[in-house]
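Asks: For reference, the structure I am asking about is given below.
Throughout, read-outs are computed from the coordinates displayed, never taken from laboratory work. It should be emphasised that the depicted structure is a prediction, and the values quoted were computed from it without experimental measurement. Every residue, glycine as well, gets a Cβ built from its backbone with ideal geometry; the counts of neighbours run over all protein chains shown.
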Amino acid sequence: MSNDAIVLLKEDHKEIRKLFTDFENAGEDASKTKGKIVHRIIELLTVHTYIENEVMYPRVRALLPDLEDDILESYEEHHVADVLVMELYGMEPDAERFDAKATVLIENVRHHIEEEEDEWFPKVRAGLGRKALQEIGEELIAAKKKAPREPSEPSALKKTIDAVIS
């Protein structure tokens, strides 16, 4: 398995995208199935946004100051996702607005993933050498082990609160 930071993040993106497709293909009367899928999406997004916010963005921000605007936009996109995740986390899958809220989360995160992969990652790869990306990748792996799995965990709540008050 590669420890390149961008490769690791793209692997997360691939898994998250698959769940989005599973949700969209579940059908209209599949609230129980959709609830399970959304629970897994919430878990993956909680971990993923945590490791990006705690490791990837600060490290890239320090090493490539020209990407400051991209990073600030990414923090804001994470903030929007965090708010939707917190709301979905507290909802029953048969709630009237559950599907709509999940769909908005999916649309927002897809947009974020596309921007990262098509625009931001190439800039990061061009600006950092392989060694730096591997070092950041090792940090991502370590952070993933201690990352919150649910948005109600203290480190996830702190991340969400920081995004709200920043």
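Asks: Counting other beta carbons within 10 Å of each Cβ, put ASP118, ASP22 in order, fewest first.
Replies: ASP118, ASP22
Asks: Please give the calculated 222 nm ellipticity per residue for the chain, where each DSSP H segment of at least 4 residues contributes -39500 (n - 2.57) and the sum is spread over every residue; nearest 500 deg cm²/dmol?
Replies: -24500 deg cm²/dmol
Asks: Right, next: Between exposed trypsin sites (Lys or Arg not before Pro) in the chain, where DSSP calls loop and at most 14 other Cβ atoms lie within 10 Å, what's the longest gap?
Replies: 1-96
Asks: State to the nearest 20 debye the size of the charge dipole of the stretch 5-165 about its Cα centre, where the only charges are +1 on K and R beta carbons and -1 on D and E beta carbons.
Replies: Charge dipole, the stretch 5-165, about its Cα centre: 760 debye, nearest 20.
Asks: Of SER74, ALA30, VAL7, which is farthest along the charge dipole of the stretch 5-165 in the positive direction, counting Lys and Arg as +1 and Asp and Glu as -1 at C-beta?
Replies: Projecting each Cα onto the dipole axis, the largest value belongs to VAL7.
Asks: If you don't mind, there's one more thing I want to ask. What do you get for the angle between helix 31-51 and the principal long axis of the chain? Use alpha-carbon atoms, 0 to 90 degrees, nearest ten.
Replies: 20 degrees
Asks: Can you give me the relative contact order of the chain as a percent, contacts being Cα pairs under 8 Å and 6 or more apart?
Replies: 41 percent
Asks: Additional query: Would you indicate which of (1) 11.5; (2) 9.4; (3) 9.9 is the value of mean projected area of the Cα convex hull in nm² derived from the coordinates of this structure?
Replies: (2)
Asks: In degrees between 0 and 90, to the nearest 10, how far off the longest principal axis of the chain does helix 68-89 point, with axes built from Cα atoms?
Replies: Orientation of helix 68-89: about 20 degrees from the principal axis.
Asks: Do any GluC sites (Glu not before Pro) in the stretch 73-152 lie in a DSSP loop with no more than 12 other beta carbon atoms within 10 Å, and if so, which?
Replies: Answer in residue order: GLU96.
Asks: Identify, among TRP120, THR103, LEU133, the residue whose Cα sits farthest towards the positive end of the charge dipole of the chain, taking +1 on the Cβ of Lys and Arg and -1 on the Cβ of Asp and Glu, with the dipole about the Cα centre.
Replies: LEU133
Asks: If you don't mind, there's one more thing I want to ask. Tell me, how many Å apart are the Cα centres for the stretch 8-45 and for the stretch 96-124?
Replies: Answer, in whole Å: 13.
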